[in-house]
Amino acid sequence: MHARTFALALVAALLLAYAPAQPNILRAQTHATLAPNAPVTTRAATVPSPADVLGFTPGDDKKLASWAQTVEYFRRLDAASERVRFEELGKTTLGVSFVVATISAPETLARLDEHKDIQRRLADPRTLGRNADRKAEALIRRGKTIVLITCGIHSTEVGSSLSSMLIAHRLASSDEPEVQEILRNTIILLVPSLNPDGVDIVKRWYDASLGKPWEGTSPPELYHKYVGHDNNRDWYAFTQVETQLTVDKLHNVWHPQIVHDIHQQGAYGSRLFLPPYMQPVEPNVPRQLVEGYTELGHFMSDRMLRAGFKGITWDSTYDAWTPARAYSHYHGGVRILSETASVQIATPITVKPEQLRTGEGFDSRKVSPNFPVTWPGGEWRMRDITSYMTAAAFELLRHASQNRERWLRRFYSIGREAVRPRRPGELFGFIIEESDSQHRLFNEPLRLQRILERGGVDIEGTNKGILVRLDQPYGSFAKALLEAQRYPDLRDTSGHPIAPYDVTAHTLPLLMGVKATPVYAPFKYKRVNRTVEIGDALVSHPRLALYKSHVPSMDEGWTRWMLEKDFAVSYSSLADAEARAGNLRAKFDTIIIPDQSPRAILEGYRKGTMPEELTGGMGKEGVRALREFVEAGGTLVALNDASDFAIEQFDLPLRDVTAGLKRTEFYCPGSILRTILDVTHPVAKGMPRESVAWVEDSPVFEIKGDPAALPRVRVIARYPDSGTPLLSGWLLGAEKLRGKAALVEVGLGSGRVYLFGFRPQYRAQSLATYPLLFNAITGQ
Ligand SMILES: [Zn+2]
């Protein structure tokens with residue numbers, strides 16, 4: 001059955017089951033059947049509870065565990081329980097332990113290598129040779145459902161790392177038959193945090209905020225050193241060490257059938273989101289996985305609603321489009337995202353009924369097919385969050401356990417479909433051209449190859465280029481990243497565009513400036529050993545500053561990442577106080593303002609909402625100092641939304657033509673567009689004439705007045721005069737862009753301002769436009 005139809009049928013059944021408002025039995029029910037603090041047996045007495053180590057029970061108001069305490073709890077659990085094996089997989093960005101607990105029946109833990117081998121062979125049916133189906137059945141009978149549970153990738157969503165200890169304790173200590181059954185049938189890989197650094201960043205800030213007006217706010221710094229919340233947008237580019245450890249040491253070793261990724265959402269919508277996802281689903285996600293997350297998601301919400309949990313929605317808000325959030329969807333496993341409503345970090349809140357809001361695809365005040373039981377509002381606290389999270393995790397494990405063979409058979413069928421020979425006329429693969437030009441400063445083809453290889457894709461060096469065949473287990477991962485995206489034009493009932501949950505394009509050859517040509521039939525080629533050319537090291541020593549607002553900007557973090565890892569240039573971070581103090585030209589040649597809203601740059605946090613020294617933003621003094629800096633010969637580089645800040649504050653002769661447009665008139669929520677470069681300009685020197693721009697709610701420039709009268713304005717990149725500039729993703733109102741500027745230099749005094757109407761260093765993926773930024777920064 002089509003996923004939607006199936007969902008509707010099930011919804012109808014659920015509506016019948018839950019239509020009468022349920023009494024408030026949430027807590028009682030939870031403790032009777034689902035609570036982690038299950039009846040203690042004699043055996044459990046030897047297994048430490050989280051409270052034994054932390055001094056509080058996870059879910060208590062205003063209590064967070066440090067990362068050291070969390071690790072210590074799992075160490076103690078490992079020492080006390082034969083069901084738990086705990087290990088460090090590597091070190092995080094800031095150098096602490098990145099860990100996993102493997103939980104199963106003791107007899108299974110003694111044979112993990114054997115189970116890895118079963119998984120490896122089912123994942124790649126080519127390894128089974130003749131009579132593959134029969135051999136697979138034998139493996140399926142012996143195998144276990146592999147469940148990866150990942151917590152805390154977003155560190156302000158503190159509930160999941162706390163719940164990980166409750167989940168582990170119950171699994172390690174309980175003798176309930178259902179827990180025994182889970183242990184017998186599954187292997188659980190529990191990651192207490194995908195971002196351990198952030199656990200302590202948030203705890204330090206939160207503990208210090210207690211009793212202050214800013215109690216329970218997000219910390220005034222990124223909770224991952226470089227990428228903040230975008231750490232969950234890295235599941236195909238694999239730039240960060242935490243992503244690499246998870247992919248290399250868990251996904252690629254274990255090939256989990258189910259990945260439970262536990263998150264929190266805003267406080268005023270549903271209490272819990274579970275799959276199925278709303279449309280669109282990325283077309284390379286196998287239908288078996290869509291069926292799998294639909295079946296499992298409905299099982300979980302059905303069981304939880306019956307147990308009295310309220311306010312659960314599905315088929316709303318969260319789509320399944322970008323592979324940046326869903327590695328498993330291209331590697332044989334379902335991703336079960338759960339999003340529980342937040343409190344203020346760990347401080348309870350009271351939600352008035354009138355504060356409840358509509359979400360994308362449902363209204364949290366009204367019963368609907370995908371929201372059958374409303375939550376009336378009232379108190380909401382940490383304990384509610386941990387109750388929802390632990391209950392959802394155990395329902396997921398129940399399904400994984402009761403349907404063990406079904407999950408393994410589904411997993412095998414995905415692999416078998418992936419490796420089948422391609423039919424005549426069907427897309428056979430891609431040829432990636434290795435290298436041609438002098439622009440290979442950033443080793444673009446090599447980077448693309450390494451991404452594919454890390455994602456489990458086999459590539460072959462040939463005399464025609466690098467061949468990526470699609471008839472292999474993770475061919476769909478390669479296809480998703482190598483082809484252009486055609487995002488569907490989705491509208492709500494009033495014709496308003498439905499926002500994608502994240503961005504709409506992920507075509508790496510376009511972003512990296514590498515040619516990948518589709519091939520529709522097998523062809524003759526010679527294998528050759530690939531020689532990889534590494535570009536020359538960049539040599540440049542500008543006196544460079546990167547503006548760092550106290551209001552954290554992920555783009556600031558990504559820019560730091562690029563400056564350190566790709567450009568290898570030294571730089572200083574420029575905070576508001578230093579900017580306001582002036583005399584910037586004496587210290588710097590170039591200042592970058594990363595993508596951030598003009599208001600956040602100018603005003604920062606409001607007085608009284610944060611510690612005094614963090615409030616006020618750049619302010620008028622900062623603007624004056626920046627202007628003096630440019631007029632005295634400095635270079636100011638403004639990225640994306642920061643361009644509007646520069647235009648407004650310096651009164652530059654430019655207009656952002658997208659300002660004030662409705663989404664129905666113009667909308668570009670993260671797409672790749674075509675641009676034309678003026679290669680006579682030093683910033684575009686040596687670049688191809690046609691390039692790209694990563695456009696994400698970006699400004700688009702028009703020169704005010706007669707360009708001839710403005711000799712100090714030079715357009716470096718513009719959109720084509722005709723047709724659509726869309727190369728991949730979604731764009732409404734293409735005509736608004738025609739002939740308009742995407743990158744402009746404006747002279748001011750004896751200096752200059754470069755305005756980028758796009759993100760030239762988007763999530764460390766848009767290597768094609770790195771040279772523009774590099775040249776602008778270094779004056780080359
Ligand atoms: Zn999250």
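Among 575-584, 758-767, 127-136, the peptide with the highest mean count of other Cβ atoms within 10 Å heads the list, and the full ranking is 758-767, 575-584, 127-136. Helical content alone sets the calculated 222 nm signal of the chain at -9500 deg cm²/dmol, taking -39,500 (n - 2.57) per DSSP H segment of four or more residues and averaging over every residue.
At a probe radius of 1.4 angstrom, the accessible area of the chain per residue rounds to 37 square angstrom.
Between the residues 391, 252, 594, the greatest Cα displacement towards the positive end of the dipole of the chain, with unit charges on the Cβ of Lys, Arg, Asp and Glu, is found for 252. Axis of helix 132-142 versus longest Cα principal axis of the chain: the two differ by about 60°, to the nearest ten degrees.
Short-range pairs are left out: with C-alpha atoms under 8 Å and at least six residues apart, the relative contact order of region 410-500 is 31 percent. Taking the longest Cα principal axis of the chain as reference, the axis of helix 287-306 is set at about 60 degrees. Using only side-chain charges placed at the Cβ, +1 for Lys and Arg and -1 for Asp and Glu, the dipole size of the chain relative to its Cα centre rounds to 1540 debye.
Here region 476-585 has 52 percent of its accessible surface on carbon and sulfur atoms, given a 1.4 Å probe and all protein chains in place. Averaging the sequence gap over all C-alpha pairs within less than 8 Å and six or more residues apart, then dividing by the number of residues, gives the chain a relative contact order of 11 percent. Compute the separation of the alpha-carbon centres of region 611-646 and region 359-401 and state it in Å as a whole number. Going from one Cα centre to the other spans 44 Å.
The relative contact order of region 476-616 comes to 21 percent, based on Cα pairs under 8 Å that sit 6 or more residues apart. Remark on region 337-416: Rg and Dmax equal 17.3, 52 Å (Cα only).
Taking Cα atoms only, the orientation of helix 619-631 departs from the longest principal axis of the chain by about 50 degrees. Under the shape rule built on the C-alpha gyration tensor, where the axes satisfy a ≥ b ≥ c, region 208-366 is oblate, since a/c reaches at least 1.5 while a/b does not exceed b/c. Dividing the convex hull volume of the alpha-carbon atoms in region 550-610 by its residue count gives 95 Å³ per residue. Rounded if a/c is under 1.5, else prolate if a/b is larger than b/c, else oblate: which is region 636-735, with a ≥ b ≥ c the root eigenvalues of its Cα gyration tensor? In terms of gyration-tensor shape, oblate. Amide H to amide H, with H built 1.01 Å from N, residue 99 comes under 5 Å of 89, 193, counting only residues 5 or more places away or on other chains. Ordering 777, 716, 754 by Cα displacement along the dipole of region 691-779 toward the positive end leaves 777 in first place; charges were set at the Cβ atoms of Lys, Arg (+1) and Asp, Glu (-1). Under the shape rule built on the C-alpha gyration tensor, where the axes satisfy a ≥ b ≥ c, region 592-662 is oblate, since a/c reaches at least 1.5 while a/b does not exceed b/c. All Cα-Cα separations within region 170-300 were binned at 5 Å from zero, giving a P(r) of 2, 7, 12, 15, 19, 18, 14, 9, 4, 1, 0, each value a whole percent of the pairs. Database remark: amide H of residue 727 closer than 5 angstrom to the amide H of 672, 673, 674 (H placed geometrically; neighbours at sequence offset of 5 or more, or on other chains; Pro and chain starts carry no H).
For region 400-499, pairs of C-alpha atoms spaced more than 15 angstrom apart make up 73 percent of the total. For the chain, the Kirkwood estimate of hydrodynamic radius, built from reciprocal distances between every pair of different alpha carbons, is 27.7 Å. Taking 19 Å as the straight-line reach from the Cα of residue 524, the aspartates and glutamates in range (excluding those fewer than 8 positions away in the same chain) are 426, 433, 434, 458, 460, 471. The orientation-averaged projection of the convex hull spanning the C-alpha atoms of region 189-266 amounts to 6.2 square nanometres.
Projecting the Cα positions of 299, 373, 347 onto the charge dipole of region 287-408 (unit charges on Cβ atoms of Lys, Arg, Asp and Glu, taken about the Cα centre) puts 347 furthest along the positive direction.
Here the accessible area of region 59-211 is 46 percent carbon and sulfur, with a 1.4 angstrom probe and all protein chains present. Computed over protein heavy atoms with a 1.4 Å probe, the carbon and sulfur contribution to the accessible area of region 679-780 reaches 51%. Taken over region 42-187, the percentage of Cα pairs per 5 Å bin, counting from 0 up to the bin with the maximum distance, is 2, 9, 16, 19, 17, 14, 10, 7, 4, 2, 1, 0.
The values are calculated or read from the model by the stated rules, or taken from the named source; none is laboratory data. Please read these numbers as outputs of a predicted model, since none were measured by experiment. Reconstructed Cβ throughout: ideal geometry from the backbone, glycine too, with neighbour counts over all protein chains shown. Protein only, heavy atoms only, side chains kept; ligands, DNA and RNA dropped before computing areas. Shrake-Rupley method; radii C 1.70, N 1.55, O 1.52, S 1.80 Å.
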